[in-house]
Amino acid sequence: MVNFKSLTLLLILSVLVIASCDNKETTSNKDLGNSTMTTWADTIIYEVMIHNSDTLDQWESAKIKNVHTKQIVDDCFNMIYSGNKKAYDYYTHEPISINEVKELEARNDFSRDKIGKLQFTETWRYNNSLNQLQKQVHNILIAYEVYDDQGNLRGYKAAFYLKEF
């Protein structure tokens, strides 16, 4: 014969198990109609060379041969000067005024021609149904070449970044 306490306990446990099986959306998978998105990278930061200062490095030159560097750089500055985008300081994350961008361009150590790298901050999601990777660009950082007294490339310096693409 079944004990009333045991039956009540079994019923309560069954309700708890059924309630805990709620089909909740996770942060890595989203059902969008007939397609499922899987987050591959919630946030990924990577840099891309857009100007090769080493003319002997044929591999780097080949990788960027179809990059329209001048167009990219001019478009970024035009976005700022037109007021469509704000420039932000890399270290403080505070907005930089248009006048401060103009001051940067007037400096002797800076030239648009020296902009050699972009750093992207993105989210990557893969659409399983469509077999497509979707990238959302959050920030684009502009970095320019810095040279030593002998004219050797020392590295790159962050000029500013743009956000909300």
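The condition (being β-branched (Val, Ile, Thr) and within 18 Å of the chain's Cα centre (by Cα)) is satisfied by just one residue among Ile142, Ile115: Ile142.
Given the criterion open to solvent by 50 Å² or more (accessible area, probe 1.4 Å), modelled with pLDDT of 50 or more, closer than 30 Å to Gln136 by Cα and assigned to a helix (DSSP H, G or I), identify the matching residue among Asp75, Asp42. First the steps, then the outcome.
Details: Asp42 fails: assigned to a helix (DSSP H, G or I).
Going through Asp75, Asp42 in turn, the sole match is Asp75.
Per the listing Ser61, Ser53, the residue uniquely open to solvent by less than 60 Å² (accessible area, probe 1.4 Å) and assigned to a loop (DSSP other than H, G, I, E, B) is Ser53. Take Asp149 and decide whether it is within 22 Å of Met49 (Cα to Cα), charged (D, E, K, R) and either out of contact with any Leu (no Cβ under 7 Å at 6 or more places or on another chain) or touching a residue at least 40 places away in the same chain (Cβ under 8 Å) (or both). The answer is no for Asp149.
The values are calculated or read from the model by the stated rules, or taken from the named source; none is laboratory data. This structure is a prediction, so every number in the text was calculated from the model and none was measured. Neighbour counts run over all protein chains shown; Cβ positions are idealised from the backbone, glycine included. For accessibility, only protein heavy atoms count, side chains too; no ligands or nucleic acids. Shrake-Rupley method; radii C 1.70, N 1.55, O 1.52, S 1.80 Å.
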